[in-house]
Amino acid sequence: MLRILIVSEDADRLAEIHRISATVGNFQAMTLQEGLGRFPLHASRLRLADLLILELPAISAQQMQAVELLRQQHPGLPCILVTPAPGSEVLIKAMRAGIRDVLPWPLDKAQLSEALRRVEATHVPRAQDTAQVISMISCKGGAGTSFIAANLGDALARHLGKRVLVVDLNRHFGDLTYIVSDKIPPSTLPEICSQIDRMDSAFLEACLVHVDNGFDMLAGAADPVKASQIQKDKLEWILSVVQPAYDFVIFDLGQTIDPLSIGVLDHSDRICVVAEPAISFGRPGRRLLDILSALHYSADKVRLVLNRTGRKHEMPRATMEEIFGVKAAFTLPDDPAAVDEAISHGEPVAKLSRRSAMTRALHAMATQLCAPAEAERRTRAETVSPLRRLMLRAKST
């Protein structure tokens, strides 16, 4: 997916370019309201971008020199220049500076679409962006989604030697980190989003909870009010920073389907729907799966996880699969002794109960998630459903 950095000093034009770019393709866009003179302060963003769209209301000789300097400092970064009524002199100077396209303002949707397609046609994906993204979501609270997300991350790191980051995107009093660690988070996801201008690998490293070797966590919002600072474009930018550093990035989405969680689901290689073999999960669980299908997430991307299996008087697995219309990909046992001990101590279950049924099941789940072929992992659905398009138009909060 093409990463676009859109830059303008004018907030209205910045928003308009971002809006148009979102309608012409499946791109990952980040906006920056800044002038050319302050570009050196945002070098990390420029390094992460695959394309720069630069809007200038007027182009003076000094500004053109700044553009030429920018192109010299970032020769591998394609640039599209947007400016009102560009004359022949501007076009010639832009070509000499290595500008890929010069588009007039007001921006024409068809012209921008064609320019983006040309960049996309020659874009070579970065080989280091190898992290597999897994989203954990449930239709009801209390299903064990957070416990599974945290301890699956531990299993991938502990048993399989993977580099794992678990992100708490449950925006209702997120306390995911305390399930497997007693460390106080140095920063939270809303706090990072409020300082997105500083975002690079070094800054992010200082914000993480380092649970164990190869296993890190990013704390969520302490309360729903602060969660409003988390925005879709900023979250996607954070994801672009962490992907080169990890093998797996796991998101705990809680029970929320909105533009923010859809943005994460769009980037996910696997969507794990967590439910219990109980009748209370039947109707809402099936509804959640129907919503994911309406959003055009392919059946091979969605995985049903049945938690707390093996209890007395539970619904048979075959019955739950018939209700949901899909087979259970993973089953996790009801193991209250091991789970309660791990949660009470704030430690991974595999650390305190290495031979427990839950530890073995999580190990098996981690092993299976490592199995998909590289080509399958990188598949992204191009079709955008009407429902997803409608929800993504809303302002993400």
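Here are the numbers:
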{"read-out": "Residue selected from segment 46-64 under the condition small (Gly, Ala, Ser) and surrounded by fewer than 20 Cβ atoms within 10 Å (Cβ to Cβ), by the criterion nearest to the chain's Cα centre (by Cα)", "value": "58"}
{"read-out": "For residue 150: the one exception among (1) small (Gly, Ala, Ser); (2) at pLDDT below 90; (3) in contact with a helix residue (DSSP H, G or I) (Cβ under 9 Å, 6 or more places away or on another chain); (4) closer than 20 Å to residue 370 by Cα", "value": "(2)"}
{"read-out": "Tally of residues being over 13 Å from residue 254 (Cβ atoms), of a type outside the set (Lys, Arg) and more than 15 Å from the chain's Cα centre (by Cα) across segment 152-182", "value": "15"}
{"read-out": "Selection count, segment 93-129, where residues are surrounded by 15 or more Cβ atoms within 10 Å (Cβ to Cβ), without any contact (Cβ under 8 Å) to a residue 40 or more places away in the chain, closer than 30 Å to residue 243 by Cα and not small (Gly, Ala, Ser)", "value": "3"}
{"read-out": "Candidate set: segment 195-236, residues that are at pLDDT below 90 and among the small types (Gly, Ala, Ser); chosen: the one nearest to residue 46 (Cα to Cα)", "value": "201"}
{"read-out": "Cross-chain or 6+ apart pairs with Cβ under 8 Å, segment 131-160 first and closer than 18 Å to residue 262 by Cβ, then in a strand (DSSP E or B) and among the small types (Gly, Ala, Ser)", "value": "138/275; 139/275; 145/138"}
{"read-out": "Set 333, 316, 259: member being more than 30 Å from residue 28 (Cα to Cα) and in contact with a helix residue (DSSP H, G or I) (Cβ under 8 Å, 6 or more places away or on another chain)", "value": "333"}
{"read-out": "Only one of 80, 53 that is modelled with pLDDT of 85 or more, closer than 15 Å to residue 3 by Cα, touching an Asp or Glu at 6+ places or on another chain (Cβ under 9 Å) and β-branched (Val, Ile, Thr)", "value": "80"}
{"read-out": "Which listed residue, of 90, 67, is at negative phi, of a type in the set (A, V, I, L, M), part of a helix (DSSP H, G or I) and buried (at least 20 other Cβ atoms within 10 Å of the Cβ)", "value": "67"}
{"read-out": "Flag for residue 216 being touching a His at 6+ places or on another chain (Cβ under 7 Å) and closer than 17 Å to residue 246 by Cα", "value": "yes"}
{"read-out": "Residue match in segment 238-258 (condition: in the same structural domain as residue 327 (by TED's automatic domain parsing) and more than 25 Å from residue 208 (Cα to Cα))", "value": "yes"}
{"read-out": "Verdict on residue 341 being crowded, with 16+ Cβ neighbours inside 10 Å, farther than 27 Å from residue 258 by Cα and charged (D, E, K, R)", "value": "no"}
{"read-out": "Every residue from segment 295-324 that is aliphatic (A, V, I, L, M), surrounded by fewer than 14 Cβ atoms within 10 Å (Cβ to Cβ) and either in contact (Cβ under 8 Å) with a residue 12 or more places away in the chain or not assigned by TED's automatic domain parsing to the domain that holds residue 275 (or both)", "value": "299"}
{"read-out": "Looking only at segment 1-19, and only at residues there that are assigned to a loop (DSSP other than H, G, I, E, B) and modelled with pLDDT of 85 or more, the one that is nearest to residue 68 (Cα to Cα)", "value": "9"}
{"read-out": "Hits in segment 14-31 (condition: over 21 Å from residue 265 (Cα atoms) and surrounded by fewer than 20 Cβ atoms within 10 Å (Cβ to Cβ))", "value": "14, 15, 16, 20"}
{"read-out": "Residues being in contact with a Lys or Arg (Cβ under 9 Å, 6 or more places away or on another chain), in a helix (DSSP H, G or I) and within 21 Å of residue 113 (Cβ to Cβ) - total across segment 20-55", "value": "3"}
{"read-out": "Boolean, residue 137 is closer than 30 Å to residue 255 by Cα, in a helix (DSSP H, G or I), β-branched (Val, Ile, Thr) and in the same structural domain as residue 270 (by TED's automatic domain parsing)", "value": "no"}
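The values are calculated or read from the model by the stated rules, or taken from the named source; none is laboratory data. Note that the coordinates shown come from a computational prediction; the quantities given were computed from them, not determined experimentally. Cβ: placed from backbone, ideal geometry, glycine included. Neighbour counts: every protein chain shown.
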